[in-house]
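Enquirer: This is the structure, below, for whatever I ask next.
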Amino acid sequence: MNDTVRSLLIVFILLIASLSVAGMLTWVERRLLGLWQDRYGPNRVGPFGLLQVVADAIKLFFKEDWIPPYADKVVFVLAPAVIMLSVLMSFTVVPFSSSLGVVDLNIGLLFFLGMSSMGVYSVVLGGWASNNKYSLLGGLRASAQMLSYEVFMGLSVSGVVLLAGSFDLRTIVVQQKAVWYCVPQALGLFVFMVAGVAETRRVPFDLPEADSELIAGFHSEYSSMKFGMFFVGEYLGITLVSAIVATLFFGGWLGPFLPPPIWLAIKTFVIVCFFILLRATLPRLRYDQLMGFGWKVMLPLALLNLLVTGAIRLAMG
Amino acid sequence: MNAVYYISSVVAVVATVAAVTGLNAVHSLLYLIVSFLAVALIFFTLGAPVIAALEVIIYAGAIIVLFIFVVMILNLGDVAVEQEKRWTVGKMWVGPALLALVLMAELVYVLFQQTVHHLPGAGPIQPQDLGATLFGPYMLGVELASMVLLAGLVGAYHLGRRRQPDETAQERQEPVDAGARR
């Protein structure tokens, strides 16, 4: 019984923590963007503008929740729920210490890949159900982009799996006691980061919602908290990908002095800041550049990484 | 675990029936996704977690997205639903229903025989076992599948390649044919 209470407690703490972190990230991103672009960002509401998140949430909740009359209503409502579900489900396999975590799955990494491929449906269906040509174009772009980048997201982590000999995220972290995998798998890290940015549809890969050409892409027709769910889902996705990068390549919870979950949080936060720095600096790619870059540069790189890692692993025995 | 198995089986059957009988193409595909997820859960309860994960990643995550991709471009709406209603008359259900009934009878017969052959060494299958089997005794199958995929890739490249300028010029010299095709 104690075990049940403990795991329920972990589930709820993780749920509340990840959702509030995602909410706070909206403020962190705007402040950091302001810093890097030599302006202030939101600093009026509360100390340092910290209450901006609360103000935004209240504004979103009280907006009219409008469903276009020509939309496919069921699918339209379902779409934002899918992204929240798939991202929150992925958080269950992230290990916070050698014993702390929601589930200890021996195929944890595959579970993460599966759930991230489920996330595609949210943008595709959202774009289709809106029955609006800009939304549809956004949805089309999203599905092609996420399908392509998923391929070498899977390939890039294969190097890590080869070295650790397991899909279990906990085993992968324990195996990094001597040296973090960002050293032997530097190429894999690069490919995974690029794929991660594309999976979360962030600049420079934010073509599905390119606001200069598609209004807001797949979520043009969404208002109120349905839009809020897409928004929070995006930030949850960034947090998730950062946590997975920290786990796979930067030793997860490993670190001296501080308790393990704190180390994971610090590493995750640094990687999240890197995501925001990318947005602050890079321009948006053109669509054919995006697909060409994916299939002609990233895929061969990921395959090369896998080939060399496999050969070395085989030679070492 | 037994309850999980039966519940996900029921979900799989219901979702598949809904996918087959549905009139709206996208809704049918959504039911198909649910069906794949239910089948993944069945694999998981049977002790094959890797297959379950691959079912989600490949079937539910990649292949159905491509289906939806195509259906999205077709821009089907209420008109298509009406057309589907006219096409799916009672008579067309007879053949498939008969065939399915035969399979169902066979399944019931096998279940009542009590001498179901268990898979050798049935138990949780680890990822390593799966890889070693695929690239050991079943190497030929993997290579054959890769050849089929390569053929598909070459075919897609041929259909999608950009025409050279001189080829389009050649086509212009046969205006009757080209006009008829357009």
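Enquirer: Any residue that is assigned by TED's automatic domain parsing to the domain that holds B:Tyr6, closer than 15 Å to B:Ser8 by Cα and either hydrophobic (A, V, I, L, M, F, W, C) or touching a Phe, Trp or Tyr at 6+ places or on another chain (Cβ under 8 Å) (or both) - is there at least one of those in the range B:60-77? Don't jump to the end; show me each part of the working.
Expert: Taking the range B:60-77 and keeping what is assigned by TED's automatic domain parsing to the domain that holds B:Tyr6, we get B:60-77.
Checking the rest, the ones that are also closer than 15 Å to B:Ser8 by Cα come to none.
No, the conditions are met nowhere in the range B:60-77.
Enquirer: Just to check your reading of the model, which residue among A:Ser166, A:Ser148, A:Ser156, A:Ser122 is in contact (Cβ under 8 Å) with a residue 24 or more places away in the chain, of a type in the set (S, T, N, Q), in contact with a Gly (Cβ under 8 Å, 6 or more places away or on another chain) and within 29 Å of A:Phe12 (Cβ to Cβ)? Full working, then the answer.
Expert: Numbers: A:Ser166 fails: in contact with a Gly (Cβ under 8 Å, 6 or more places away or on another chain); A:Ser148 fails: within 29 Å of A:Phe12 (Cβ to Cβ); A:Ser156 fails: within 29 Å of A:Phe12 (Cβ to Cβ).
After applying the criteria, what remains is A:Ser122.
Enquirer: Counting only residues that are more than 8 Å from chain A (Cβ to nearest Cβ) and touching a residue at least 12 places away in the same chain (Cβ under 8 Å), how many does the range B:25-39 have? Steps first, answer last, please.
Expert: First, pick out the residues of the range B:25-39 that are more than 8 Å from chain A (Cβ to nearest Cβ): B:25, B:28-29, B:31-32, B:34-39.
Now narrow it down to the ones that are touching a residue at least 12 places away in the same chain (Cβ under 8 Å): B:25, B:29, B:31-32, B:34-39.
So the answer is 10.
Enquirer: Evaluate the following for B:Ala19: is it hydrophobic (A, V, I, L, M, F, W, C) and more than 9 Å from every other protein chain (Cβ to nearest Cβ)?
Expert: Details: hydrophobic (A, V, I, L, M, F, W, C): yes; more than 9 Å from every other protein chain (Cβ to nearest Cβ): yes.
When the stated conditions are applied, B:Ala19 passes them.
Enquirer: Check whether at least one residue in the range A:35-42 is part of a loop (DSSP other than H, G, I, E, B) and touching a residue at least 60 places away in the same chain (Cβ under 8 Å), and report yes or no. Talk me through it step by step, then tell me what you get.
Expert: First pass over the range A:35-42, keeping only residues part of a loop (DSSP other than H, G, I, E, B): A:37-42.
If we keep only those that are touching a residue at least 60 places away in the same chain (Cβ under 8 Å) as well, we get A:37.
Yes, the range A:35-42 has at least one match.
Enquirer: What helices (runs of 4 or more DSSP H) completely inside the range A:137-240 contain at least 3 residues that are touching a His at 6+ places or on another chain (Cβ under 9 Å) and more than 21 Å from A:Leu85 (Cβ to Cβ)?
Expert: Values: elements: A:169-174, A:186-199, A:211-214.
Where helices (runs of 4 or more DSSP H) fall fully within the range A:137-240, none carries at least 3 residues being touching a His at 6+ places or on another chain (Cβ under 9 Å) and more than 21 Å from A:Leu85 (Cβ to Cβ).
Enquirer: Tell me, which helices (runs of 4 or more DSSP H) lie completely within the range B:64-182 with 3 or more residues that are among the small types (Gly, Ala, Ser), more than 27 Å from the chain's Cα centre (by Cα) and at pLDDT below 75?
Expert: Numbers: elements: B:64-74, B:78-87, B:94-113, B:127-134, B:139-160, B:165-172, B:175-181.
Filter on the range B:64-182 gives B:175-181.
Enquirer: Separate question: In the range A:274-299, which residue that is β-branched (Val, Ile, Thr) and touching a residue at least 12 places away in the same chain (Cβ under 8 Å) is nearest to A:Gln37 (Cα to Cα)?
Expert: Within the range A:274-299, the first condition is being β-branched (Val, Ile, Thr), and the residues that meet it are A:276, A:281, A:297.
Of the ones still in play, those that are also touching a residue at least 12 places away in the same chain (Cβ under 8 Å) are A:276, A:281.
Values: A:Ile276: 12, A:Thr281: 9 Å.
The residue in question is A:Thr281.
Enquirer: Which residue pairs have Cβ atoms under 9 Å apart, sit 6 or more places apart or on different chains, and have a first residue in the range B:1-20 that is in the same structural domain as B:Ala48 (by TED's automatic domain parsing) and in a helix (DSSP H, G or I) and a second that is acidic (Asp, Glu) and surrounded by 16 or more Cβ atoms within 10 Å (Cβ to Cβ)?
Expert: none
Enquirer: Looking at the range A:141-165, which of its residues are buried (at least 21 other Cβ atoms within 10 Å of the Cβ) and of a type in the set (S, T, N, Q)?
Expert: A:Ser143, A:Gln145, A:Ser156
Enquirer: Starting from residues that are within 12 Å of another protein chain (Cβ to nearest Cβ) and outside any helix (DSSP H, G or I), keep the ones in the range A:57-102 and report whichever is modelled with the highest pLDDT.
Expert: Selected residue: A:Val93.
Enquirer: Can you tell me which residues in the range A:122-140 are crowded, with 23+ Cβ neighbours inside 10 Å and either more than 7 Å from chain B (Cβ to nearest Cβ) or touching a Cys at 6+ places or on another chain (Cβ under 9 Å) (or both)? Give the steps one after another, and end with the answer.
Expert: Just the residues of the range A:122-140 that are crowded, with 23+ Cβ neighbours inside 10 Å, to begin with: A:122-130, A:135, A:138-139.
Residues satisfying the conditions are A:Ser122, A:Val123, A:Leu125, A:Gly126, A:Gly127, A:Ala129, A:Ser130, A:Ser135, A:Gly138.
Enquirer: Identify the residue in the range A:251-273 that is surrounded by fewer than 23 Cβ atoms within 10 Å (Cβ to Cβ) and aromatic (Phe, Trp, Tyr) and, among all such residues, is nearest to the chain's Cα centre (by Cα).
Expert: A:Phe269
Enquirer: Filter the range B:21-35 down to the residues that are part of a helix (DSSP H, G or I) and among the polar types (S, T, N, Q), then identify the one that is nearest to the chain's Cα centre (by Cα).
Expert: Start the filter on the range B:21-35 by keeping residues that are part of a helix (DSSP H, G or I), which leaves B:21, B:25-35.
Cutting the leftovers down to among the polar types (S, T, N, Q) gives us B:21, B:28, B:35.
Details: B:Thr21: 16, B:Ser28: 13, B:Ser35: 11 Å.
It comes out as B:Ser35.
Enquirer: A follow-up question, please. Of all residues in the range A:141-181, which are basic (Lys, Arg) and away from every other protein chain (no Cβ under 12 Å)? Can you show your working first?
Expert: Residues of the range A:141-181 basic (Lys, Arg): A:141, A:170, A:177.
Hits for the range A:141-181 are A:Arg170, A:Lys177.
Enquirer: Right, next: Look at the range A:276-296 and say how many of its residues are closer than 21 Å to A:Arg31 by Cα, assigned to a helix (DSSP H, G or I) and either in contact with a helix residue (DSSP H, G or I) (Cβ under 6 Å, 6 or more places away or on another chain) or of a type outside the set (D, E, K, R) (or both).
Expert: Residues in the range A:276-296 being closer than 21 Å to A:Arg31 by Cα, assigned to a helix (DSSP H, G or I) and either in contact with a helix residue (DSSP H, G or I) (Cβ under 6 Å, 6 or more places away or on another chain) or of a type outside the set (D, E, K, R) (or both): 5 in total.
Enquirer: Here are the criteria: (1) surrounded by 18 or more Cβ atoms within 10 Å (Cβ to Cβ); (2) within 10 Å of chain B (Cβ to nearest Cβ); (3) part of a helix (DSSP H, G or I); (4) of a type outside the set (Lys, Arg). Tell me which single one A:Asn106 does not satisfy.
Expert: (3)
The values are calculated or read from the model by the stated rules, or taken from the named source; none is laboratory data. This is a predicted model, so every value here is computed, not measured. Virtual Cβ from ideal backbone geometry, glycine too; neighbours counted across all protein chains shown.
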